[in-house]
Amino acid sequence: NDTSKGNGALTYPVGLITADEIVAAGSGKYGTSNSKYYLYNPSSWYWSLSPYYINGGYASVFDADTTGSLVNAHVDGGGAVAPVINLSSEYVKTLRGTGTTTDPYQAA
């Protein structure tokens, strides 16, 4: 409900994950598989908001693939989305948990 600092000040408070956030979440460097973080999903891959390239009329964006790797894909395919909510540092300090699936972040 905070309209000066919190999500209440945003028209659209949820966005797509970026390539930087995929790396920070645990993918590691480009092209490295990781099955130990929350974006690992062997049945689907996740789009990101981050562009990779446009060439010959084809556009590609970064994504987290079914091996948990940061890669790129043409934007004409299927996939899932991994929404993110960005929090200011003053709110992050009040969270408990480690952010894993077994110990998710929660308001204190």
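General remarks:
- Residues being open to solvent by 80 Å² or more (accessible area, probe 1.4 Å) and modelled with pLDDT under 85 - total across segment 92-105: 5
- Filtering segment 38-88 to residues that are among the aromatic types (F, W, Y) and either crowded, with 17+ Cβ neighbours inside 10 Å or over 17 Å from G26 (Cα atoms) (or both) leaves Y40, W45, Y46, W47, Y52, Y53, Y58, F62.
- Among (1) on the phi < 0 side of the Ramachandran plot; (2) free of Cβ contacts under 8 Å to residues at least 12 places away in the same chain - the single one P42 does not satisfy: (2)
- Subset of segment 3-37 that is aromatic (F, W, Y) and either in contact with a strand residue (DSSP E or B) (Cβ under 6 Å, 6 or more places away or on another chain) or open to solvent by 40 Å² or more (accessible area, probe 1.4 Å) (or both) - its residue that is modelled with the lowest pLDDT: Y12
- Residues of segment 53-108 satisfying the condition of being part of a strand (DSSP E or B) and without any contact (Cβ under 8 Å) to a residue 12 or more places away in the chain: I54, N55, Q106
- The listed residue being under 17 Å from the mean Cα position of the chain (by Cα) and not hydrophobic (A, V, I, L, M, F, W, C), out of Y40, Y91: Y40
The values are calculated or read from the model by the stated rules, or taken from the named source; none is laboratory data. In this text the structure is predicted, and so the values were computed from the model without any measurement. Don't worry about glycine lacking a Cβ; one is built from the backbone with ideal geometry, like all the others, and counts go over all protein chains shown. Remember, those area values only see protein heavy atoms, side chains included, never the ligands or the DNA or RNA. Shrake-Rupley method; radii C 1.70, N 1.55, O 1.52, S 1.80 Å.
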